Structure formats: structure tokens, C-alpha cells
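The values are calculated or read from the model by the stated rules, or taken from the named source; none is laboratory data. Since the model is a prediction, treat every value here as computed from it, not as a measurement. Here the Cβ is made from the backbone with ideal geometry for all residues, glycine too, and neighbour counts use every protein chain on show.
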Amino acid sequence: MGWYERNIGYSRESRNYYRRSVLEEIKSERRQRKKQIKFAAVFVGNIACILLTLILWMMSGNTKNTELSQQKFKMAEGQTFEVVHPGKIHQITLKIPYSTAIKNFERATGVLMDLYGPDGRRVYSFYKTLWWYRESSEDKGASEPLVAKIILNEKGTYKIRAYTMDDEFTKKIGPVDMDKERLMIAEATVKSKSSGSLYFSYLLIFEVALLVLFLVASNYVGNPLSLWNLVKEDIGLLTKPIPLLYFGMIAAFLILIMYWNYLGIGYAGYGDYLHSPNWFFGSDDVIYIG
């Protein structure tokens with residue numbers, strides 16, 4: 001038995017193995033901490049970017065002015081409204097206040113809405129199937145309104161005219177009185193918007209995907225609480241090159257998105273800017289005819 005065995009109780013080899021194990025554990029902890037320091041600022045900053053994107057998204061597309069508020073009118077005569085903020089996105093909501101006591105019939109009804117400019121010429125047309133009433137349905141003809149968004153470039157008086165496009169009933173009992181069915185009256189609301197609200201969702205998807213990636217890889221980069229505590233202990237981590245590069249990229253995209261929405265890029269237009277909305281735009285089943 002050697003000196004170490006007699007006086008310490010374990011061999012030199014055991015002591016060296018223990019020392020190597022402790023050193024390796026210390027090195028592993030240091031490596032893990034370096035990784036956490038590397039990613040902590042991006043993780044915490046990305047959460048802030050998600051909140052900022054949501055706030056800017058909620059602030060975009062606000063109503064600047066209401067040119068027409070739930071105004072009922074005869075579709076054959078049309079309804080006028082004044083554009084006081086030219087060059088802005090205008091949201092036109094058209095609804096046919098439909099109700100019926102008729103039973104045992106089937107019918108699909110769509111509405112065509114024509115928009116005329118200050119010079120009296122048609123500038124755009126929109127179509128939507130408002131309801132599909134069937135004998136077996138329980139909604140009794142309930143429908144969603146036609147909601148169209150378009151950039152109106154000229155100041156002045158515009159006019160809306162609407163037409164029901166498929167007025168043929170599949171009748172089973174008795175004649176149909178169209179006036180009684182209230183299919184000659186429409187209700188319109190027109191609002192001008194401060195800007196558009198497109199594209200934010202795609203940036204938000206990217207930011208949320210990155211957040212999920214951090215959570216999935218928490219064994220490698222560290223759990224969210226430890227990353228948060230690191231940044232809390234040293235705010236200067238947010239000014240490191242990698243976090244600053246990420247924040248700069250997000251800021252650039254947000255500025256670009258807000259600029260595009262301010263100009264109304266992606267929304268329907270007419271005249272020299274005649275086109276349907278781009279694929280980022282959710283049309284809600286409205287057909288932009290042009």
C-alpha cells in the first residue's frame with residue numbers, strides 16, 4: 001500500500017481521475033455559459049421584436065375619417081360619398097339587409113358593386129357571393145358583407161352602385177315579391193385608412209419561428225429563464241455584434257413594411273395604378289374585377 005492509500009484513502013490514479021472530472025465539468029460549464037451569452041441577447045431581443053411588431057401591426061390600418069356611416073340607399077339609385085383624403089386606402093363595406101319569411105327554396109345570391117369617380121366614370125368593380133340559402137340551412141339567409149379596399153387618388157364625389165346578380169329563386173310554393181324581400185336596398189359604410197396593414201404577419205411568423213427554435217434547442221443554448229437572467233445581469237449583451245445585426249435586420253424590415261403600407265403598395269388601384277391586390281392581401285372572398 002502506497003503513501004496516498006495509507007494517508008488519504010485513495011490512489012494517485014483515483015485523485016487524478018477526480019481532478020480531470022472536475023476540470024472537465026468546469027470547462028463544460030464555461031462552454032455552456034459562453035453559448036448562453038452568445039444567444040441570450042438574441043433570444044430576449046427577439047421577444048421584444050415580437051411585441052414591437054404586434055404593436056405596430058395593431059396601430060396600422062386605423063380609420064382616418066368616416067366618409068359614410070351605415071347609410072341605406074336604393075341600389076337602383078346608388079349612393080355618393082366625399083373623398084377628403086385622396087391617395088389613401090378607402091374601405092368600402094356593402095351589405096344587403098336581407099331577411100325573408102319564404103320557406104322551401106334554394107338560392108345563391110351575389111352582389112356586384114361598381115365604384116364611379118368624380119368624373120362619372122367607373123373606376124373599379126367588386127363582386128362577392130353574400131349568402132347561399134338552402135332549404136336545409138339554419139342561418140335563414142344570414143350573410144357577411146362585401147368589404148373592399150382600394151386607393152382613391154382624387155378628391156371629390158364618388159358614387160357606389162350595387163346589383164344583385166342572381167335573383168332567380170328555385171321556387172316550390174307561391175310567387176316571390178322582390179320588394180318585400182328587401183333585395184332592392186343596400187347599406188354602405190366608407191372609411192379612409194391612415195395606412196395599410198399588410199406584411200406584418202409574415203415578419204411575425206419569422207420571429208415566432210425563431211422563438212420556437214430557441215425553445216426546442218433549449219438543451220443546447222440554455223433554458224429561457226437562464227437566458228433572461230444573463231441579459232438581466234448584463235444589459236450590455238444587447239449591444240454585441242450578433243444581436244445588433246439581428247435587431248438592425250428586423251428594424252429594416254419594419255421600416256420597409258410601414259413605408260409600403262403608407263403608400264398602399266399591395267392594395268387595389270385604378271387609372272395608371274390599375275391592378276388587383278397582390279397575393280399578400282386577404283380578399284375575404286371578394287373578387288376584384290377591376
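Take the stretch 240-289 and flag every residue that is at positive phi and either within 20 Å of the chain's Cα centre (by Cα) or surrounded by 14 or more Cβ atoms within 10 Å (Cβ to Cβ) (or both).
Gly264, Gly266, Asp284, Asp285, listed by residue number.
Would you check which residues across the stretch 68-108 are acidic (Asp, Glu), at pLDDT 70 or above and in a strand (DSSP E or B) and list them?
Of all residues in the stretch 68-108, those acidic (Asp, Glu) come to 77, 82, 106.
Those left that are additionally at pLDDT 70 or above: 77, 82.
The answer is Glu82, and nothing else.
Quick one: in the stretch 34-67, which of the residues that are charged (D, E, K, R) and either in a helix (DSSP H, G or I) or in contact with a Cys (Cβ under 6 Å, 6 or more places away or on another chain) (or both) is modelled with the highest pLDDT?
Step one: of the stretch 34-67, the residues charged (D, E, K, R) are 34-35, 38, 64, 67.
From the residues that got through so far, the ones that are either in a helix (DSSP H, G or I) or in contact with a Cys (Cβ under 6 Å, 6 or more places away or on another chain) (or both) too are 34-35, 38.
Working: Lys34: 61, Lys35: 60, Lys38: 70.
Taking the candidates together, the pick is Lys38.
Mind listing whichever residues of the stretch 155-204 are under 30 Å from Gly61 (Cα atoms), assigned to a loop (DSSP other than H, G, I, E, B) and either at pLDDT below 90 or not hydrophobic (A, V, I, L, M, F, W, C) (or both)? Full working, then the answer.
So in the stretch 155-204, the residues under 30 Å from Gly61 (Cα atoms) come out as 155-164, 185-204.
This time we only want the ones that are assigned to a loop (DSSP other than H, G, I, E, B), so: 155, 194-199.
Lys155, Ser194, Ser195, Gly196, Ser197, Tyr199 - these are the residues of the stretch 155-204 that are under 30 Å from Gly61 (Cα atoms), assigned to a loop (DSSP other than H, G, I, E, B) and either at pLDDT below 90 or not hydrophobic (A, V, I, L, M, F, W, C) (or both).
Looking at (1) part of a loop (DSSP other than H, G, I, E, B); (2) small (Gly, Ala, Ser); (3) modelled with pLDDT of 80 or more, find the lone condition where Ser137 falls short.
It is condition (3) that Ser137 fails.
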